[in-house]
1. Full extension from residue 29 to residue 94: what is 0.36 nm times the residue separation minus their Cα-Cα distance, to one decimal in nm?
2. For every helix of n ≥ 4 consecutive DSSP H residues, a contribution of -39,500 (n - 2.57) applies; sum these over the chain, divide by its total residues, and give [θ] at 222 nm rounded to the nearest 500 deg cm²/dmol.
3. Which residues among the range 3-22 fall inside the zone where the amide N is under 11 Å from a point 7 Å beyond the Cα of residue 41, along Cα→Cβ?
4. Extension gain residue 76-residue 12, at 0.36 nm per residue separation less the Cα-Cα distance, in nm?
5. About the Cα centre of the range 36-123, how large is the charge dipole given +1 on each Lys and Arg Cβ and -1 on each Asp and Glu Cβ? Please answer in debye to the nearest 20.
6. Using DSSP to define loop residues, name the GluC sites (Glu not before Pro) in the range 65-132 whose beta-carbon has at most 11 other beta-carbon atoms within 10 Å.
7. Name the residue from 120, 24, 61 whose Cα lies farthest towards the positive end of the charge dipole of the chain, charges +1 on Cβ of Lys and Arg and -1 on Cβ of Asp and Glu.
8. Helix 82-94 against the longest principal axis of the chain: what's the angle in degrees, Cα atoms only, rounded to the nearest 10?
Amino acid sequence: MPRTIFITLPVTEMPRARAFYAALGFSPNEAFSSPNSACFIVSDAISLMLATHEQFRQISPKPLILPTEGATCLFALSCDSRGEVDAMTTAAIAAGGKSLHDPEDHGFMYSRAFEDPDGNGFGPMWMDPTAV
């Protein structure tokens with residue numbers, strides 16, 4: 001059975017977070033959502049779980065470090081084209097996210113970076129399959 005990853009992100013305002021991830025084109029999975037959490041399907045193998053700070057504190061024994069105050073991890077998301085990298089980043093910024101740097105073009109790889117309104121960082125990227 002293939003593994004599936006569920007990444008849980010702390011968010012301050014659930015309605016704003018839900019709107020942000022819907023604007024990126026991710027599909028909500030209401031079966032795994034509640035007023036304090038939401039599940040968004042990124043792909044067959046990846047789901048994002050959004051949790052209010054209160055909910056996040058209930059599921060993690062460690063203290064919550066706010067993503068706006070420091071980075072604990074960054075999520076690189078593969079895209080099928082440079083255009084998809086740009087479209088995802090543009091959608092993120094239009095939905096309240098923030099660009100983290102200018103596009104990086106290395107010929108065989110193209111990437112951008114943004115953070116959601118809560119400071120969680122993402123790096124959409126495309127790699128030329130012939131360069132692998």
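1. 21.1 nm
2. The per-residue figure over the chain is -6500 deg cm²/dmol.
3. none
4. So the chain would gain 20.8 nm between residue 76 and residue 12.
5. Charge dipole of the range 36-123: 280 debye, to the nearest 20.
6. Sparse-neighbourhood loop GluC sites (Glu not before Pro): 69.
7. 61
8. 40
Only the coordinates and a few stated rules stand behind these numbers; no lab work does. Quick caveat, the model's predicted, so the values are computed rather than measured. Quick reminder, even Gly has a Cβ in these numbers, built from the backbone with ideal geometry, and neighbours come from all protein chains shown.
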